[in-house]
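Undergrad: I'd like to ask some things about the structure below.
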Amino acid sequence: MKRFANAHPVWTGLIALAVAILLWMIFATWPKGLSSAIGSKKIFLNALFNGITLGGLYFLVASGFTLIFGLMRNVNLAHGTLYLLGGYVGFHAADITGYWLLAFPVAFIVVGFFGILLQLAVFRRMEGEDLRQTLVTIGISIVAADLMLWGFGGDFFNISPPPWLSGPIETFLVTAQRSNGDLVYLKYPMVRIVIFVAAVVLGVGMWLALNRTRIGMMIRAGVDDRDMLSATGARIQFVFIGVFAFGAGLAGIAGVVGGTFQSVAPGEDIRFLLASLVVVIVGGMGSIPGAALGALLIGLAEQFGSVYFPTYAVVLTFLIMVVVLAFRPQGLMGQG
């Protein structure tokens, strides 16, 4: 941080000013002129927290994608299919058993198993052949989408959280002040807060596993020089199968989270595949912190765009990607 501040004093000042303005807008009581210009503070705070929690969902999807695509160099364009399958599996697991939490391990195991099949049947036979991997996984995603439409139908499914997570929780953030002087505090869904915290914990755990453990060292070494690592006696294929299964399982968990946040429906696989691609490009291939930063930026851009610029909401996401590619092609936190 100090090195960046010394090298880029102007950018550091602008970032500090933006952070100060954001903190003031979050914690201060807005004057009437500001509310008239951009809407109520409640709308702003809801857009902010919806963007942050949506970024947590995008991170869950993109973190598995960045392990498979960014780190292992496997072009898996069926990753959105894994997300949608996890949502369907999670819905039926929760619906049959009545336990919301049980949907997460069931979706992780089932989708992780399909990830193992993909690794053995497709990617192990096409190592280093990016174009073939792209075409084959696109075909798999199309066939799988039709099979899921046939098997689960075209209805929307919502995964209901347990009663202790249902309903809003009152926060300490003030949204307005009544004429009698009483303060109005923001209420926000409890389930979104809990799942976002879980996404943060998972992200920190993944970063520590990749950078502070022996298995993480083997994964990174195997990506850089597979033959040399194999010569040491390490079973790199088993390591890569495990990583692929874990990345696919994360997509399955994200499907359960998405079904709880929003809904599970045909077409969501394409949406989240595109979101994962944008997040990985913006954050940097193979970088877990980059995936977190990219997911946060894309989530905020979508929510603020839908509230304040509904006509151009989709453009904001791709504008961020274009700007990043123009000034930093390797991504915000990618290796140069």
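Undergrad: Please find, within segment 153-169, the residue that is nearest to Ala103 (Cα to Cα) out of those that are open to solvent by 60 Å² or more (accessible area, probe 1.4 Å) and in contact (Cβ under 8 Å) with a residue 60 or more places away in the chain. I'd like the intermediate steps shown before the answer.
TA: We begin by selecting, within segment 153-169, every residue open to solvent by 60 Å² or more (accessible area, probe 1.4 Å); these are 155-156, 158, 160, 163-164, 166, 168-169.
Okay, now just the ones that are also in contact (Cβ under 8 Å) with a residue 60 or more places away in the chain, so 155-156, 158, 160.
Numbers: Asp155: 19, Phe156: 17, Asn158: 13, Ser160: 11 Å.
Checking each candidate, the answer is Ser160.
Undergrad: Working only within segment 299-320, note down all residues that are open to solvent by less than 50 Å² (accessible area, probe 1.4 Å) and either touching a Lys or Arg at 6+ places or on another chain (Cβ under 6 Å) or small (Gly, Ala, Ser) (or both).
TA: Gly299, Ala301, Gly305, Ala313
Undergrad: Sticking with this structure for a sec: Please state which one of Arg125, Arg178, Arg73 is among the basic types (Lys, Arg) and under 23 Å from Val279 (Cα atoms). Step through it out loud before you land on a result.
TA: Values: Arg125 fails: under 23 Å from Val279 (Cα atoms); Arg178 fails: under 23 Å from Val279 (Cα atoms).
Just a single option satisfies the conditions, and that option is Arg73.
Undergrad: Of the residues that sit in segment 321-336 and are in contact (Cβ under 8 Å) with a residue 40 or more places away in the chain and among the hydrophobic types (A, V, I, L, M, F, W, C), which one is nearest to Arg271 (Cα to Cα)?
TA: Selected residue: Met321.
Undergrad: Show me the helices (runs of 4 or more DSSP H) entirely contained within segment 208-298 in which 3 or more residues are modelled with pLDDT of 90 or more, crowded, with 18+ Cβ neighbours inside 10 Å and of a type outside the set (D, E, K, R). Spell out how you get there, then give the answer.
TA: Details: elements: 214-224, 226-231, 236-261, 268-283.
Here the list reads 236-261, 268-283.
Undergrad: Residues of segment 90-101 being open to solvent by less than 70 Å² (accessible area, probe 1.4 Å) and either at negative phi or in contact with a Leu (Cβ under 6 Å, 6 or more places away or on another chain) (or both), which ones? Quick ask: steps written out before the conclusion?
TA: Residues of segment 90-101 that are open to solvent by less than 70 Å² (accessible area, probe 1.4 Å), as a first pass: 90-94, 97-98, 100.
Result: Gly90, Phe91, His92, Ala93, Ala94, Thr97, Trp100.
Undergrad: Which of the residues belonging to segment 163-191 are in contact with a helix residue (DSSP H, G or I) (Cβ under 9 Å, 6 or more places away or on another chain) and part of a loop (DSSP other than H, G, I, E, B)?
TA: Hits for segment 163-191 are Ser166, Gly167.
Undergrad: Modelled with pLDDT of 90 or more, more than 30 Å from Met333 (Cα to Cα) and not acidic (Asp, Glu): which single residue out of Leu84, Leu101 fits that description?
TA: Leu101
Undergrad: Does any residue in segment 266-280 that is at negative phi come within less than 7 Å, Cβ to Cβ, of a residue that is open to solvent by 10 Å² or more (accessible area, probe 1.4 Å) and among the small types (Gly, Ala, Ser) six or more places away or on a different chain, and which pairs are these?
TA: The qualifying pairs are Pro266/Ala145; Pro266/Gly154; Asp269/Ser141; Asp269/Ala145.
Undergrad: Does segment 41-62 contain at least one residue that is over 30 Å from Pro163 (Cβ atoms), in contact with a helix residue (DSSP H, G or I) (Cβ under 9 Å, 6 or more places away or on another chain) and polar (S, T, N, Q)?
TA: no
Undergrad: Working only within segment 105-125, note down all residues that are open to solvent by 20 Å² or more (accessible area, probe 1.4 Å) and either small (Gly, Ala, Ser) or free of Cβ contacts under 8 Å to residues at least 40 places away in the same chain (or both).
TA: Matches in segment 105-125: Pro105, Val106, Leu117, Ala121, Arg125.
Undergrad: Being within 26 Å of the chain's Cα centre (by Cα), at pLDDT 90 or above and closer than 24 Å to Ile270 by Cβ: is that true of Thr66 here? Steps first, answer last, please.
TA: On the way: within 26 Å of the chain's Cα centre (by Cα): yes; at pLDDT 90 or above: no; closer than 24 Å to Ile270 by Cβ: yes.
It is false that Thr66 is within 26 Å of the chain's Cα centre (by Cα), at pLDDT 90 or above and closer than 24 Å to Ile270 by Cβ.
The values are calculated or read from the model by the stated rules, or taken from the named source; none is laboratory data. Just so we're clear, the structure is a prediction, and the values are computed from it rather than from any experiment. FYI the Cβ positions are ideal-geometry reconstructions off the backbone, even for glycines, and counts take in every protein chain you see. Side chains are part of the model used for accessible areas, which takes the heavy atoms of the whole protein and leaves out ligands, DNA and RNA. Shrake-Rupley method; radii C 1.70, N 1.55, O 1.52, S 1.80 Å.
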